[in-house]
Amino acid sequence: MGIGDGLSKTFLSWPVVRQLTGPDPLGRGPAARSRHTEELTARTETADRVARSVCPYCAVGCGQRVYVKDEQVVQIEGDPDSPVSRGRLCPKGSASKNLVTSSLRETKVRYRRPYGTEWEDLELDVAMEMIADRVVKARNDSWQDLDDDKTVRRTLGIASLGGATLDNEENYLIKKLFTAMGAIQIENQARI
């Protein structure tokens, strides 16, 4: 085989040449596939299991299939069985895998103390305890038993505003929790 034969073979293997000379003039089939493409395996084929979820970005509630391998998320795709999105995701929903796998993902809570000038990292457990302590203190400090000789047993010191990406069941549980704590300012914008 001479140099000319090698160049000819290389030239004929270019996708645009295969597209113009072969049976795939639109370049959507074999003309667009390379030898390397044929050797690739989809992450969805090697997953151990598939979990169904809802995209966390907006109030639309597009269905997602979350592919998991070795207890790690390897791919997130639209769920074709979802009546809301029928397998489609917007660019943000398509990139939602980064929410759990990105090296830039925050794993600590950033906290700046009152009158402080610097941020510090806190473990999630420590931050959750601080929040719980502050909720209990706000409830105790603003608790009302009576109002104009009427028993009210309430607090105006805490409130809840649920987000649109929470489903009805989650908002129901939040409502029950805040009602049990005596809060009366409870609202959500559940749309899922």
Handout entry: Any pair with Cβ under 8 angstrom, 6 or more apart, that starts in the stretch 22-48 at a residue that is within 23 Å of Gln75 (Cα to Cα) and ends at one that is among the aromatic types (Phe, Trp, Tyr) and outside any loop (DSSP other than H, G, I, E, B)
Key = Arg43/Tyr67; Thr44/Tyr67; Ala47/Tyr67
Exercise for the section: With the checklist (1) surrounded by 14 or more Cβ atoms within 10 Å (Cβ to Cβ); (2) in the same structural domain as Thr165 (by TED's automatic domain parsing); (3) among the β-branched types (Val, Ile, Thr) in hand, flag the one item Thr117 doesn't pass. Expected result: (1)
Handout entry: Residues within the stretch 147-171 that are at pLDDT 85 or above, surrounded by 13 or more Cβ atoms within 10 Å (Cβ to Cβ) and not small (Gly, Ala, Ser), tallied
Key = 5
Practice task
Test Gly93 against the stated conditions and say whether it is of a type outside the set (A, V, I, L, M), under 30 Å from Arg49 (Cα atoms) and touching a Phe, Trp or Tyr at 6+ places or on another chain (Cβ under 7 Å).
Solution key: yes
Fill in the blank from the handout: If we ask which residues in the stretch 128-159 are closer than 26 Å to Cys58 by Cα, free of Cβ contacts under 8 Å to residues at least 12 places away in the same chain and either small (Gly, Ala, Ser) or in the same structural domain as Tyr57 (by TED's automatic domain parsing) (or both), their number turns out to be 0
Fill in the blank from the handout: Per the filter on the stretch 104-162, residues of a type in the set (Phe, Trp, Tyr) and in contact with a helix residue (DSSP H, G or I) (Cβ under 9 Å, 6 or more places away or on another chain) are Tyr111
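Can you tell me which residue in the stretch 120-136 is farthest from Leu177 (Cα to Cα), limited to those that are hydrophobic (A, V, I, L, M, F, W, C) and under 26 Å from the mean Cα position of the chain (by Cα)? Outline the logic, then answer.
To start, the set of residues in the stretch 120-136 that are hydrophobic (A, V, I, L, M, F, W, C) comprises 122, 124, 126-128, 130-132, 135-136.
When the remaining residues are screened for being under 26 Å from the mean Cα position of the chain (by Cα), the result is 122, 124, 126-128, 130-132.
Numbers: Leu122: 26, Leu124: 21, Val126: 21, Ala127: 19, Met128: 16, Met130: 18, Ile131: 15, Ala132: 13 Å.
Within the stretch 120-136, the match that is farthest from Leu177 (Cα to Cα) is Leu122.
For the condition surrounded by fewer than 14 Cβ atoms within 10 Å (Cβ to Cβ) and under 14 Å from the mean Cα position of the chain (by Cα), what is the one hit in Ala95, Ala42?
Numbers: Ala42 fails: under 14 Å from the mean Cα position of the chain (by Cα).
Being surrounded by fewer than 14 Cβ atoms within 10 Å (Cβ to Cβ) and under 14 Å from the mean Cα position of the chain (by Cα) holds for just one of Ala95, Ala42, which is Ala95.
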Handout entry: Filtered residues of the stretch 1-34 (kept if modelled with pLDDT under 80 and surrounded by fewer than 10 Cβ atoms within 10 Å (Cβ to Cβ))
Key = Met1, Gly2, Ile3, Gly4, Asp5, Phe11
Exercise for the section: Enumerate the pairs (first residue in the stretch 160-175 and farther than 14 Å from Ser53 by Cα and polar (S, T, N, Q); second residue anywhere and at pLDDT 80 or above and not in a loop (DSSP other than H, G, I, E, B)) with beta-carbon separation below 6 Å, excluding pairs fewer than 6 apart on the same chain, so at least 6 apart or on different chains. Expected result: Ser160/Ile174; Ser160/Phe178; Ser160/Ile186; Asn171/Gly162; Asn171/Asn188
Practice task
Could you tell me whether any residue of the stretch 172-190 is modelled with pLDDT under 90, surrounded by 13 or more Cβ atoms within 10 Å (Cβ to Cβ), within 24 Å of the chain's Cα centre (by Cα) and part of a helix (DSSP H, G or I)?
Solution key: yes
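The values are calculated or read from the model by the stated rules, or taken from the named source; none is laboratory data. Remember, predicted model here, so these are calculated numbers, not experimental data. All Cβ positions, even for glycine, are placed from backbone atoms using ideal geometry, and neighbour counts span all protein chains on display.
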